[in-house]
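Just below is one structure, and these are the notes that go with it.
The values are calculated or read from the model by the stated rules, or taken from the named source; none is laboratory data. These numbers come from a predicted model, not from an experiment. Methodologically, a virtual Cβ is constructed for each residue, glycine included, from the backbone with ideal geometry; neighbour enumeration extends over all protein chains shown.
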Amino acid sequence: MKTIIEIRFNTSNIPGGADTILSLAQCGNDVAKKTEYEINSFFEKRMSSRVELTLDNNDERVAKVLALAATYGIEPLVDRHDVYTEDELQSAPLLVLRPWWNRQLGGGRLYGTTYDLSKACPRCASGVRQSSTMIVDSEGLRRIENARIAATYDEEILLHDVDVERLLAAGVTGASFWPVQAKTKGGKISELRRQQMFVEYVMPPMAPSSLLNRTKLCPMCHRSGFMHLSDQPLRYMYRREDLANIQDVNATWEQFSELSDLPEDLNKARWPEANVLITPKVMNLLRGKTKKEAKNQGCDFIPIWIEDEKP
Ligand SMILES: [Zn+2]
């Protein structure tokens, strides 16, 4: 496993531009991508420039670049992600299924799917239960049509019928599958060749060492409002004993998404969602077999970490 860091910042106010920092930090074109672009708005028309660096997080040039940027008063955008080897993916106890396009497909309440809020948290709706078939926006389907694994706006996972058949034939545990319908603007309903994956088993809460933002948890249930840290890789940390009852498909106890402002009506608020954790067996069944299929995978698989054990 290695951690990659991406550093992006605007270079138009640096005397000498990006090269000033890049040469001092000894970063060549192999790690830096410079872009010039035109700002053409009602208020101004001028050229601007930015640079994007991709480095190993352990590279000593990272600290140099960040320090140099700071001397010019620049706060770069920093993004870190872990890259795992195939062996590490295959030996992980569980992997996070992270959809790529989770804000592309409307579905749920606005389209006629019904929910039972009777056992949900009255502040954030965690614990809400879907009580009818998932109905999605037929327009939005265009944006995800190539994705093998797709997610609705609320991160409900949709799989192709063929993949569901593969999972069922392999006796995968912890999930059931419901049909999905699409609704056009005119109200016409049609059945999709995708199914919604319902996760039945909920994990124990993660270990505190998980890289999560816990500053805005729901004040009533303390179970929702978890967020990822934008400048840190996604790392869910569990204790070895948390894995005692895992299934092939599992949901995190933690409910993600920013807590809505106090809504007058819970039905109009944004609801939180769990993330899905799967075994390598499920990953292998869902993974694209060809290059083209892999390109349209629609999700990443990121190993969970076990406390005090290296992945
Ligand atoms: Zn709550």
(request) Go through Leu158, Leu110, Leu94 for me and flag whichever is assigned by TED's automatic domain parsing to the domain that holds Asn275, within 19 Å of the chain's Cα centre (by Cα) and over 30 Å from Arg240 (Cβ atoms). (result) Leu158
(request) For segment 222-264, enumerate the residues that are within 16 Å of the ligand (Cβ to nearest atom) and over 23 Å from Ile157 (Cβ atoms). (result) His222, Asp261, Leu262, Pro263
(request) Could you tell me whether segment 66-76 includes any residue that is in contact (Cβ under 8 Å) with a residue 60 or more places away in the chain and within 26 Å of the chain's Cα centre (by Cα)? (result) yes
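Yes/no matrix, rows are residues, columns are (1) in contact (Cβ under 8 Å) with a residue 24 or more places away in the chain; (2) under 29 Å from Ser260 (Cβ atoms):
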residue: Glu155; (1), (2): yes, yes
residue: Val180; (1), (2): yes, yes
residue: Lys183; (1), (2): yes, yes
residue: Gly187; (1), (2): no, yes
residue: Arg193; (1), (2): yes, no
(message) Every residue in segment 120-148 that is more than 20 Å from the chain's Cα centre (by Cα) and within 16 Å of the ligand (Cβ to nearest atom), please.
(response) Ala120, Cys121, Pro122, Arg123, Cys124, Ala125, Gly127, Val128, Arg129
(message) For segment 190-221, give me each residue that is within 16 Å of the ligand (Cβ to nearest atom) and among the basic types (Lys, Arg).
(response) Arg214, Lys216
(message) Quick check on this structure: which one of Ala69, Ala169, Ala151 is of a type outside the set (Val, Ile, Thr), touching a Pro at 6+ places or on another chain (Cβ under 9 Å), away from the ligand (no atom under 16 Å from the Cβ) and assigned by TED's automatic domain parsing to the domain that holds Ile189?
(response) Ala151
(message) Just to confirm my filter: which strands (runs of 3 or more DSSP E) fall fully inside segment 194-284 and include at least 1 residues that are surrounded by fewer than 20 Cβ atoms within 10 Å (Cβ to Cβ) and under 16 Å from the mean Cα position of the chain (by Cα)?
(response) 224-228
(request) Mind listing whichever residues of segment 273-311 are at pLDDT below 95, in contact with a strand residue (DSSP E or B) (Cβ under 6 Å, 6 or more places away or on another chain) and more than 25 Å from Glu156 (Cβ to Cβ)? (result) Glu307, Pro311
(request) Being under 12 Å from Thr11 (Cα atoms) and of a type in the set (D, E, K, R) is the filter; apply it to segment 34-65 and report the residue that is farthest from the chain's Cα centre (by Cα). (result) Glu36
(request) Among the residues of segment 65-84, write down those that are assigned to a strand (DSSP E or B) and of a type in the set (A, V, I, L, M). (result) Leu77, Val78, Val83
